[in-house]
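Visitor: My questions all concern the structure below.
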Amino acid sequence: MLHAAFVLLALVPQEKSAEGETLYNGIRLPAAWPPKPAELPEVPPYLKSPPDLIPIDLGRQLFVDDFLVAETTLARTFHLAKWHGSTPVMKPDKPWEEGTEGGIAMAFSDGVWWDPKDRLFKMWYMGGKERNTCYATSKDGIAWEKPILDVRPGTNIVQTGQRDSSTVWLDLDEKDAARRFKMFRSCSGGATVKGAYGLAMFFSPDGIHWTGKPVLSGSCGDRSTVFRNPFRNVWVYSLRHGWGQPRRRRYWERADLDSSPMWEQLAEAPMWIGADSQDPMRDEYKVPCQLYNVDAVAYESLMLGLFTIWRGQFPDRQKPNEVVLAYSRDGWSWTRPDRRAFLPVSETFGDWNYANVQSVGGGCLVVGDELRFYASARSGEKGGPKQGTCTTGLATLRRDGFASMDAPAGGGTLVTRPLRFAGRQLFVNLDGELRVEALDGEGKLVLESEPVKGDRALLPVAWKGGKDLAALAGKPARFRFRLGAGRLYSFWVAADPSGKSGGYVAAGGPAYPGPADR
């Protein structure tokens, strides 16, 4: 029973027609873009009617939905991140990080990135009651240093002034070195057009010295953020909708950041997504959930969304927001098959994350066989609404470990939909025992694998007779996975024995000189 629920642009041009753009994965977008929002909860069109032939040359192929699955006897299991033992990894310990209710050193979206140029992890975060933007670096992503800089001498502040959330993006595809880092600061007053809330965009060559005069957006809600969708080469404005009404998100995209959205245009950005009836309410509040924020990033072959869910706000506690994961293969439609908190609040007062857990710009980093998710949270106030001390924590997950296809007792099988690939070597992310059969477009057996066994995020599949997938390259093909025991997390076809997937690696990691695994 099926469990219902983006190759790099430089290499694979996107097709366009009167019917809409065709993406690298075979999904065709509607001609009217962006489309009208669907009823929530929605089933994306690409799951209702998948492409007849799915190209898989870009990235590891994940089992977060049934897009790739024709039939299976395996069971899908979703997995949650675990807080690292060193959490919180960023705490307020400088005079300029003091707050009115407790210190503030939290990445409120902002960003955590691996910079291959300097070979350092870099973090931007909100610091102190003045809400300045501060900067820290790390060699391992766990122990962080706050360098003394020259922006505000004697501190690690890189931008002064009141702000709400902010997004910092390390753009490794940017050709202009002076614009390598981009900041989208949510703020109000004289810093924005007409003095209302909006996004002020700044550029920097080093993430420390930012342009003095920002490019200003139109009006939008205070918790608005920006991310890049490299599959379509567009910047997406994830805009808060809802002053005095349920929070939802509006959508605006730009291929060219120099042509900034105008005031009136942004205020009329199309409605996009929101929370829905499947988001569980807290027992003590019993109020419908709202969508507080969306951060997103390209990971391997899809867009990974970090949806902050608002579950109520009452005088007895700072709002218990939590982060839930979402997935998209077209950049517009999202599935959230697991509504549990991926980055949860704690129900124990005194814990660093007792209240208001929020995601970080860049999404996650790839460090070896581990994904690292940073998040901010508030310690809260016992019996009251104050936010307390604001810090930044770290959670980890197995690479590709969002969902696995698990074998029942005695084993099981999974057959893919018709696929097309150019590579010759199949790889899997596996914890268990597996055999694979490669089938042609007619379903006839072409290749049988040797047994594959292990617990590794990158395992090569060897074929009997020493063959490879060359005979099937460029033609319709399927894989039949026979899982004897354990869990299958992902598969992909690579061009060479290195196993590089060509997919995107979110905020990067020490093994990657660019934005993708190549």
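The values are calculated or read from the model by the stated rules, or taken from the named source; none is laboratory data. Just so you know, these numbers come straight off a predicted model, no measurement behind them. Heads up, the Cβs are rebuilt from the backbone with ideal geometry, glycines too, and the neighbour counts pull from every protein chain shown.
Visitor: In this structure, is Leu459 within 28 Å of Leu304 (Cβ to Cβ) and not charged (D, E, K, R)?
Guide: On the way: within 28 Å of Leu304 (Cβ to Cβ): yes; not charged (D, E, K, R): yes.
Yes; evaluated as a whole, the condition is true for this residue.
Visitor: To continue, here is another question. Has the range 394-404 got any residue that is buried (at least 24 other Cβ atoms within 10 Å of the Cβ), assigned to a loop (DSSP other than H, G, I, E, B), at positive phi and not charged (D, E, K, R)?
Guide: no
Visitor: Listed residues Val112, Val89; which is out of contact with any His (no Cβ under 8 Å at 6 or more places or on another chain) and either surrounded by fewer than 23 Cβ atoms within 10 Å (Cβ to Cβ) or closer than 13 Å to Arg329 by Cα (or both)? Walk me through it before giving the result.
Guide: Working: Val112 fails: either surrounded by fewer than 23 Cβ atoms within 10 Å (Cβ to Cβ) or closer than 13 Å to Arg329 by Cα (or both).
Val89 is the lone residue from the list that is out of contact with any His (no Cβ under 8 Å at 6 or more places or on another chain) and either surrounded by fewer than 23 Cβ atoms within 10 Å (Cβ to Cβ) or closer than 13 Å to Arg329 by Cα (or both).
Visitor: Filter the strands (runs of 3 or more DSSP E) completely within the range 86-196 down to those with at least 2 residues that are farther than 25 Å from Leu266 by Cβ. Quick ask: steps written out before the conclusion?
Guide: Values: elements: 105-115, 120-127, 132-138, 157-159, 166-170, 181-187.
Per the criteria, 105-115, 120-127, 132-138, 157-159.
Visitor: Here is a further query. Residues that are over 25 Å from the mean Cα position of the chain (by Cα) and of a type in the set (Ser, Thr, Tyr): does the range 395-405 have at least one? Give the steps one after another, and end with the answer.
Guide: Restricting attention to the range 395-405, the residues satisfying the condition of being over 25 Å from the mean Cα position of the chain (by Cα) are none.
The answer is no; no qualifying residue exists.
Visitor: Hey, another quick one. Of all residues in the range 297-332, which are of a type in the set (Lys, Arg), closer than 27 Å to Glu347 by Cα and assigned to a loop (DSSP other than H, G, I, E, B)?
Guide: Arg311, Lys319
Visitor: Something else about it: Looking for whichever is more than 30 Å from the chain's Cα centre (by Cα), under 23 Å from Asp400 (Cα atoms) and surrounded by fewer than 20 Cβ atoms within 10 Å (Cβ to Cβ) here; the options are Pro460, Pro476, Pro451. Which one fits?
Guide: Working: Pro460 fails: more than 30 Å from the chain's Cα centre (by Cα); Pro476 fails: under 23 Å from Asp400 (Cα atoms).
Unique residue meeting the criteria: Pro451.
Visitor: Looking at the range 134-177, which of its residues are small (Gly, Ala, Ser), touching a Pro at 6+ places or on another chain (Cβ under 8 Å) and farther than 19 Å from Cys390 by Cα? Even if it seems obvious, please write down each step before you answer.
Guide: Let us first name the residues in the range 134-177 that are small (Gly, Ala, Ser), namely 136, 138, 141, 143, 154, 161, 165-166, 177.
From what's left, touching a Pro at 6+ places or on another chain (Cβ under 8 Å): 136, 177.
Of everything in the range 134-177, just one residue is small (Gly, Ala, Ser), touching a Pro at 6+ places or on another chain (Cβ under 8 Å) and farther than 19 Å from Cys390 by Cα, namely Ala177.
Visitor: Against the conditions (1) over 30 Å from Ser498 (Cβ atoms); (2) within 22 Å of the chain's Cα centre (by Cα), where does Thr73 fall short? Just the number, please.
Guide: Against the list (1) over 30 Å from Ser498 (Cβ atoms); (2) within 22 Å of the chain's Cα centre (by Cα), Thr73 comes up short only on (2).
Visitor: Yes or no: the range 433-449 includes at least one residue that is over 22 Å from Lys467 (Cβ atoms) and touching an Asp or Glu at 6+ places or on another chain (Cβ under 9 Å). Write out each step before concluding.
Guide: First, the residues of the range 433-449 that are over 22 Å from Lys467 (Cβ atoms): none.
Scanning the range 433-449, I find no residue that is over 22 Å from Lys467 (Cβ atoms) and touching an Asp or Glu at 6+ places or on another chain (Cβ under 9 Å), so the answer is no.
Visitor: I would also like to ask the following. Count, please, the residues in the range 42-69 that happen to be within 20 Å of the chain's Cα centre (by Cα), of a type outside the set (A, V, I, L, M, F, W, C) and in a loop (DSSP other than H, G, I, E, B).
Guide: 6
Visitor: Scan the range 373-392 for residues that are buried (at least 24 other Cβ atoms within 10 Å of the Cβ) and in a strand (DSSP E or B) and report the count.
Guide: 9
Visitor: Based on what the data block shows, is Met183 modelled with pLDDT of 95 or more, under 17 Å from Gly362 (Cα atoms) and under 22 Å from the mean Cα position of the chain (by Cα)? Write out each step before concluding.
Guide: On the way: modelled with pLDDT of 95 or more: yes; under 17 Å from Gly362 (Cα atoms): yes; under 22 Å from the mean Cα position of the chain (by Cα): yes.
Yes; evaluated as a whole, the condition is true for this residue.
Visitor: Here's a follow-up. Among the listed residues Ala507, Ala485, which satisfies the condition of being farther than 18 Å from Leu58 by Cβ and modelled with pLDDT under 95?
Guide: Values: Ala507 fails: modelled with pLDDT under 95.
The unique qualifying residue is Ala485.
Here is a yes/no grid of residues against (1) in contact with a strand residue (DSSP E or B) (Cβ under 6 Å, 6 or more places away or on another chain); (2) of a type in the set (A, V, I, L, M, F, W, C):
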| position | (1), (2) |
| --- | --- |
| Arg228 | yes, no |
| Phe231 | no, yes |
| Leu239 | yes, yes |
| Tyr285 | no, no |
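Matching residues to (1) over 18 Å from His79 (Cα atoms); (2) modelled with pLDDT of 95 or more; (3) touching a Lys or Arg at 6+ places or on another chain (Cβ under 7 Å):
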{"site": "Gly305", "(1), (2), (3)": "no, yes, no"}
{"site": "Gly312", "(1), (2), (3)": "yes, no, yes"}
{"site": "Pro320", "(1), (2), (3)": "yes, yes, yes"}
{"site": "Gly331", "(1), (2), (3)": "yes, yes, yes"}
{"site": "Asn356", "(1), (2), (3)": "yes, yes, yes"}
{"site": "Ser359", "(1), (2), (3)": "no, yes, no"}
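Visitor: Another question, if that's okay. Of all residues in the range 103-126, which are among the aromatic types (Phe, Trp, Tyr) and either modelled with pLDDT under 95 or over 15 Å from Glu145 (Cα atoms) (or both)? Please lay out each step first, then the result.
Guide: Applying the first criterion (among the aromatic types (Phe, Trp, Tyr)) to the range 103-126 yields 108, 113-114, 121, 124-125.
Phe108, the sole residue that qualifies.
Visitor: For the range 421-471, which strands (runs of 3 or more DSSP E) that fit wholly inside it have 3 or more residues that are in contact with a strand residue (DSSP E or B) (Cβ under 6 Å, 6 or more places away or on another chain) and under 15 Å from Ser498 (Cα atoms)?
Guide: Working: elements: 425-440, 445-448, 452-460.
Output list reads 425-440, 452-460.
Visitor: Something else: Condition first: crowded, with 17+ Cβ neighbours inside 10 Å and not hydrophobic (A, V, I, L, M, F, W, C). Now tell me which residues in the range 156-170 satisfy that. So that I can check it myself, show each step before the final result.
Guide: First pass over the range 156-170, keeping only residues crowded, with 17+ Cβ neighbours inside 10 Å: 156-159, 163-170.
Across the range 156-170, the qualifying residues are Asn156, Gln159, Arg163, Asp164, Ser165, Ser166, Thr167.
Visitor: Among the residues of the range 483-518, write down those that are outside any strand (DSSP E or B) and surrounded by fewer than 19 Cβ atoms within 10 Å (Cβ to Cβ). Walk me through it before giving the result.
Guide: Our first condition is that a residue be outside any strand (DSSP E or B); within the range 483-518, this holds for 495-503, 506-515, 517-518.
Ala495, Asp496, Pro497, Ser498, Gly499, Lys500, Pro510, Ala511, Pro513, Gly514, Arg518 - these are the residues of the range 483-518 that are outside any strand (DSSP E or B) and surrounded by fewer than 19 Cβ atoms within 10 Å (Cβ to Cβ).
Visitor: Within the range 40-53, is there a residue that is on the phi < 0 side of the Ramachandran plot, of a type in the set (Asp, Glu) and crowded, with 22+ Cβ neighbours inside 10 Å? First the steps, then the outcome.
Guide: The initial filter retains those residues of the range 40-53 that are on the phi < 0 side of the Ramachandran plot, namely 40-53.
From what is left, the residues that are of a type in the set (Asp, Glu) are 42, 52.
Pick out the ones that are also crowded, with 22+ Cβ neighbours inside 10 Å and you get none.
Scanning the range 40-53, I find no residue that is on the phi < 0 side of the Ramachandran plot, of a type in the set (Asp, Glu) and crowded, with 22+ Cβ neighbours inside 10 Å, so the answer is no.
Visitor: Looking only at residues in the range 28-37 that are surrounded by 14 or more Cβ atoms within 10 Å (Cβ to Cβ) and either touching a Leu at 6+ places or on another chain (Cβ under 9 Å) or among the small types (Gly, Ala, Ser) (or both), which one is farthest from Arg339 (Cα to Cα)? Give the steps one after another, and end with the answer.
Guide: Step one: list which residues in the range 28-37 are surrounded by 14 or more Cβ atoms within 10 Å (Cβ to Cβ), which gives 28-30, 34-35, 37.
From what is left, the residues that are either touching a Leu at 6+ places or on another chain (Cβ under 9 Å) or among the small types (Gly, Ala, Ser) (or both) are 29, 35.
Numbers: Leu29: 27, Pro35: 25 Å.
Checked the range 28-37; the qualifying residue farthest from Arg339 (Cα to Cα) is Leu29.
Visitor: Which condition number does Thr225 fail, the rest of (1) surrounded by fewer than 22 Cβ atoms within 10 Å (Cβ to Cβ); (2) under 21 Å from Arg180 (Cβ atoms); (3) in contact with a Gly (Cβ under 9 Å, 6 or more places away or on another chain); (4) of a type in the set (Ser, Thr, Tyr) being met?
Guide: The single condition Thr225 does not satisfy is (1).
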